[in-house]
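Data first, discussion second: the structure below is written as structure tokens.
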Amino acid sequence: MKQVALPNTDLTVSQLCFGCWGVASDFHWGDRIEEESIQAMLAAVDSGVNFFDTAPVYGDGASENLLGRVMSNNNLREKLVVASKVPPAKMKPEEVVAECEASLQRLQTDYIDLYQTHWGNQEIPLSDSWEAMVKLQEQGKVGHIGVCNAGLLHMDDVTDLQKPITNQLPYNLLWRMIEDMILPRCREDEIGVLVYSPLMHGMLAGKYKSSAEVPDGRARSRHFTTERPLARHGEPGCEEETFEALRQIEEIANGLGREMADVALAWTIQQEGITSVIAGARNEAQLRDNVARIGNPLSADAMNVLDDATEKLMEALGPNPDMWDGGENSRYR
Ligand SMILES: NC(=O)c1ccc[n+]([C@@H]2O[C@H](COP(=O)([O-])OP(=O)(O)OC[C@H]3O[C@@H](n4cnc5c(N)ncnc54)[C@H](OP(=O)(O)O)[C@@H]3O)[C@@H](O)[C@H]2O)c1
């Protein structure tokens, strides 16, 4: 597993980061088997993955709890770089401090390597929450601070006080909005980019052949009609373009003698300015697959053909990088 420097820190992280959202059962992922999640996490460590991303909102504390237990039972804390986040609903400065303490307890540790804002909060200026995070860093409770889902305005707001180490952003072949402005700005300012949902919740692993096959929890993104029971974006969606893009990606992958997930992960990690790709894995087999896939590069020609195959979908989705909220409700600033 290739190790890379986390920009502007003394930390080295694996190019594949283990995404801990799906280690616990919830409305998005459905039921999870705890023992399978534990085996996936241990297999990750065994494969050279040292970077783990979690958040309080994942399974309402269950994801942080499980990561804490796995680290404690296997004496792993010092070997891992742990990233967690401030819940979007708890961003007043005093809440940020209390939430950090609660995360430390659940993770059974006295420091978090990378503490991130998860989303902005309409009521509270991001710079207010950021100031509290800078103080937590000064106290040694968190090693470094970063943002997630931050557009140019939010990046400017926090940089006025202290530049974020990283911006965690959605990026995959079916979701390329950050290419226009956010990714170039991160490259320019040497802010590390941590990519989330590189397999688009399994769609890019070839799990679903039509929108009807996609469970409601995963059909909340703007790809799908807002008529889906758990969707809230208020848009018609672009299911036809999405499944046409998937069909073409699969055809390209087959032509290269590779699987779709393989090509999807390689396409993401090869983009300039990407530090790590945060992928979820439900069990050990998926984790081992992803580890094998991450080191298998694509030619420039293949990258271009894949770009072309998703162009029409990108036009249909428009520039909003928020997967779940549409129009004026987009949380990107
Ligand atoms: N900052 C944010 O706002 C934010 C938002 C979303 C995610 N994240 C982070 O990013 C991480 C990853 O994103 P994600 O969990 O949304 O999605 P993802 O990595 O795109 O998808 C994970 C899912 O893909 C399927 N999968 C993974 N490997 C596979 C394989 N080898 N073969 C077949 N299927 C495979 C599994 O689906 P099944 O469960 O169906 O098997 C797995 O649960 C999260 O865990 C979280 O840490 C952050």
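Restricting segment 314-329 to residues that are charged (D, E, K, R) and open to solvent by 30 Å² or more (accessible area, probe 1.4 Å) leaves a set whose member that is nearest to S197 (Cα to Cα) is E315. Among the residues of segment 162-169, are any crowded, with 20+ Cβ neighbours inside 10 Å, closer than 30 Å to V4 by Cα and among the hydrophobic types (A, V, I, L, M, F, W, C)? For segment 162-169, residues crowded, with 20+ Cβ neighbours inside 10 Å, closer than 30 Å to V4 by Cα and among the hydrophobic types (A, V, I, L, M, F, W, C): present. Take the residues of segment 22-41 that are more than 12 Å from the ligand (Cβ to nearest atom) and free of Cβ contacts under 8 Å to residues at least 40 places away in the same chain: which is surrounded by the fewest Cβ atoms within 10 Å (Cβ to Cβ)? Going through the qualifying residues, I end up with E35. When you scan segment 222-235, do you find a residue that is surrounded by fewer than 22 Cβ atoms within 10 Å (Cβ to Cβ), within 16 Å of the ligand (Cβ to nearest atom) and part of a helix (DSSP H, G or I), even just one? No, segment 222-235 has no match at all. When A292 is tested against the conditions (1) in a helix (DSSP H, G or I); (2) within 30 Å of E34 (Cβ to Cβ); (3) open to solvent by less than 40 Å² (accessible area, probe 1.4 Å); (4) among the small types (G, A, S), the lone failure is (3). Residues satisfying the criterion are absent from segment 204-217 (criterion: within 13 Å of the ligand (Cβ to nearest atom), assigned to a loop (DSSP other than H, G, I, E, B) and within 23 Å of L11 (Cα to Cα)).
Has segment 142-155 got at least one residue that is of a type in the set (V, I, T), part of a loop (DSSP other than H, G, I, E, B) and within 16 Å of the ligand (Cβ to nearest atom)? Among the residues of segment 142-155, not one is of a type in the set (V, I, T), part of a loop (DSSP other than H, G, I, E, B) and within 16 Å of the ligand (Cβ to nearest atom), which makes the answer no. Of all residues in segment 42-69, exactly one satisfies the criterion of being within 20 Å of L16 (Cα to Cα), open to solvent by 10 Å² or more (accessible area, probe 1.4 Å) and among the β-branched types (V, I, T), namely V45.
The values are calculated or read from the model by the stated rules, or taken from the named source; none is laboratory data. Bear in mind that the values here come from a model prediction, so they are computed numbers and not experimental data. Quick reminder, even Gly has a Cβ in these numbers, built from the backbone with ideal geometry, and neighbours come from all protein chains shown. Protein only, heavy atoms only, side chains kept; ligands, DNA and RNA dropped before computing areas. Shrake-Rupley method; radii C 1.70, N 1.55, O 1.52, S 1.80 Å.
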